[in-house]
Amino acid sequence: MKHAIEEFIKSKNIAVVGLSRSGKKFGNVAVAELAKRGYRVFAVHPEVEEIAGTRCFPSLTALEGKVDGAVLCIPPVNVPGVLREAAAIGVKNVWLQQGAGSPEAIALGKHLNLNLVSGRCILMYAPPVGGFHGWHRAFHRLFARI
């Protein structure tokens, strides 16, 4: 898992799939935080063109050639289609945010030869890490859970 995380955070152009219109879901937080950390971030929402001033793209295929990583903050039932879409456009680095992963998604990601991270919070690893996420990461290291 450590190698997969290291490869993912090298991505500089990241799509975040799974924002909410209300702005109260993790995908919305991830877009803002990753942008603050220097990543070029693209929001993906299949139904709206903008959320809180952020342009949204309807799918990963609408971003073809623009991203090298994708963070999925969606229900597990929706993950397989997005994994296939990522593989089809050449996005190798995929992060299944906590709550998005499932045994089926992980197996499919391996089958599609994706660099897949699952069961971890992207904000604990995307540099620079500080505040709560820095403490949380240190806690995981202390107990050898990374």
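Read the figures in this text as sums done on the coordinates, not as results from a lab. All of these numbers come straight from a predicted model, not from anything done at the bench. Positions of Cβ are backbone-derived with ideal geometry, glycine not excepted, and every protein chain shown enters the neighbour counts.
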Length gained, SER102-HIS3, 0.36 nm per residue minus C-alpha separation, equals 33.6 nm
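Beyond a 21 Å Cα-Cα separation, which of these cross-linked pairs lie in this structure: LYS36/LYS66; LYS2/LYS25; LYS24/LYS92; LYS36/LYS92; LYS12/LYS110? Don't skip to the answer; put the middle values down first.
Numbers: LYS36/LYS66 19 Å; LYS2/LYS25 26 Å; LYS24/LYS92 28 Å; LYS36/LYS92 23 Å; LYS12/LYS110 23 Å.
Those over the limit are LYS2/LYS25; LYS24/LYS92; LYS36/LYS92; LYS12/LYS110.
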Between VAL77 and ALA35, the two model label points (7 Å from Cα along the beta-carbon direction) sit apart by a distance in nm of 3.1
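Can you sort CYS121, CYS56, CYS73 by how many other beta carbons sit within 10 Å, fewest first? Provide the component values of the computation, followed by the final result.
Numbers: CYS121 16, CYS56 19, CYS73 24.
With the fewest neighbours first, CYS121, CYS56, CYS73 line up as CYS121, CYS56, CYS73.
Applying a 10 Å radius around every beta-carbon, put 8-21, 37-50 in order of their mean neighbour count, most first. List each step's numbers first, then the result.
Details: 8-21: 20.9, 37-50: 16.1.
Averaged packing, sorted descending, gives the order 8-21, 37-50.
What is the dipole size for segment 2-142, taken about its Cα centre, with +1 at each Lys and Arg Cβ and -1 at each Asp and Glu Cβ, in debye to the nearest 20? Intermediate values should be presented prior to the final figure.
Numbers: 17 positive and 10 negative charges, 93 e Å.
My answer is approximately 440 debye.
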